[in-house]
Amino acid sequence: MVQITQLNSTDTDFQQNLDKLLAFENAQDDAIDVAVAKILADVRELKNSAVIEYTNRFDRLSINAAQDLELTHADLQHALAILPIEQRTALQQAADRIRGYHEKQLLASWQYQDGNSLLGQKVTPLDRVGLYVPGGKASYPSSVLMNAIPAKVAGVKELIMVVPTPDRERNDMVLAAAAISQVDRVFTIGGAQAVGALAYGTETIPQVDKIVGPGNAYVAAAKRRVFGIVGIDMVAGPSEILVICDGKTDPDWIVMDLFSQAEHDEMAQSILLCPDQVFLKQVMQSIERLLPEMPRQEIIRTSLKNRGALIQVRSLDEACEISNKIAPEHLELSIDQPEKWLDKIYHAGAIFIGKNTCEAFGDYCAGPNHVLPTSRTARFSSPLGVYDFQKRSSLIQVGPQDTAKLGRIASVLAHGEGLQAHARSAEYRFKD
């Protein structure tokens, strides 16, 4: 018997139960934070020697020199060459679609004349970005594509990838993805020591301007600590999917979409909103029948028990309202005429429109980025994109005919704030 929370929006305690279901404490583990602080301090002070020591300890290696941590372009090309043709083709096709989508996101510089003055915006790429990629058995070549390609489209001059190789285990698809994405340098390090190396720089590993990419709790804690020294993409929580269904999709499809997120880990969240009680019962039957077929069934089972839910709603309108409160990472609109409902959705990381559009397409090859805001942060943040690797500088050039006009405004406001040097600086521009 599979346990999963079943709610009805007409229940008087529905909101209370929903809040309890959504609650996720993303607090830091004190022991992890203390360990990470020590690792980062060592890397900052001792540089290469600390990176080598921690890499040997945690990845069970015997590296003696920092140069042994770097892979060559030949290594990456070899990994690409030895891949089965089916995998190589799939990686390339996914990369092409991801690149095509992100090229649409490029920000442009602009200028305009305001009287006798010039105002505008200059857009420039980051100089150097670090990409953290999990290694060993938990390897995700799709994450390489999703993080590296928008950085390259943005014009980032140098992309440094770090990927641990515990027990010297390398994942050829990850390295092949790095080759396809035109990653510039790859170092076989991971954990907090890799984040520290990217943030502070060592004799061998250059300091970067921003660190992106997923990692475990130690990596997340390290990214939190180095933020401000470098930029970071986000500190993501467990994966989430919310499906709004009108009861007309094959229940097996819906169940497998729910499973697709639940199989990530025990804290992942899978929720279905539907007004059709009969369909919800059919979904429950499909869960019972399909779960035993899944290789990761115990993870799915625990995820559904801890954080999953089947929720009967009054209407699709109400489903959209609830969805906006949840602000899910992934939202599937598995309904007829889904475009009609799109305008009612305000908060979601990615929206999958129509019953044929499963979330897995977005994870791998549709084109939009799969690095998405979690834990309700879609209320105020966006998917990773080219804009995360570009920055904007304001352009201001005041012409001689405008100095008196702007100078008087600035002078009045500066005196009002008690900042006399500001005022005098402005006044110098228009007084004889």
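Just so you know, all these numbers are worked out from the coordinates, no wet-lab data involved. Just so it is clear, the structure is predicted and the values come from calculations on it, not from any experiment. Neighbour counts are summed over all protein chains in view; Cβ atoms, including those assigned to glycine, are modelled from backbone coordinates with ideal geometry.
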In the chain the DSSP beta bridges are antiparallel at a rate, in percent to nearest 5, of 30
Taking the chain, the equivalent ellipsoid from its C-alpha gyration tensor has semi-axes in Å, biggest first, of 41, 33, 22
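Counting other Cβ atoms within 10 Å, which GluC sites (Glu not before Pro) in the range 1-59 have at most 10 and lie in a DSSP loop?
Listed in order of number, the matching sites are Glu25.
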Env charge @ Gly367, Cβ radius under 13 Å, K,R +1 / D,E -1, value 0
In nm, the gap between the two label points placed 7 Å beyond Cα toward Cβ at Lys325 and Asn64 is 6.4
Those helices of the chain passing the 18 Å axial Cα length cut-off and the mean Kyte-Doolittle cut-off of -1.0 (DSSP H runs only) are 30-46, 141-154, 277-290, 403-416
With +1 on the Cβ of every Lys and Arg and -1 on the Cβ of every Asp and Glu, the dipole magnitude of the chain about its Cα centre, in debye rounded to the nearest 20, is 1180
Computed about the Cα centre, the charge dipole of the range 4-110 from +1 Lys/Arg and -1 Asp/Glu charges at the Cβ has a magnitude in debye, to the nearest 20, of 460
Over the range 119-196, the quotient of the Cα radius of gyration and 2.2 N^0.38 Å is 1.19
Taking r as the C-beta separation of Glu203 and Lys391 and R0 as 41 Å, the FRET efficiency to the nearest 0.05 is 0.90
Sites removed, the longest contiguous part of the chain containing no DSSP-loop chymotrypsin sites (Phe, Trp or Tyr not before Pro) with at most 12 other Cβ within 10 Å is 1-345
So for R0 = 25 Å, FRET eff. of Arg168-Glu293 from the Cβ-Cβ r, to 0.05, ends up at 0.15
If R0 = 56 Å, then Val34 and Lys281, at their Cβ-Cβ distance, give a FRET efficiency to the nearest 0.05 of 0.70
Expressed in nanometres to one decimal, the distance between label points 7 Å along Cα→Cβ at Asp336 and Glu45 is 7.0
Listed by chain and number, the lysines with an alpha carbon less than 21 angstrom from that of Lys340, same-chain partners under 8 positions apart left out, are Lys248, Lys325, Lys355
With the dipole of the chain defined by +1 on each Lys or Arg Cβ and -1 on each Asp or Glu Cβ, the option from Leu291, Tyr112, Ala217 whose Cα lies farthest towards the positive pole is Tyr112
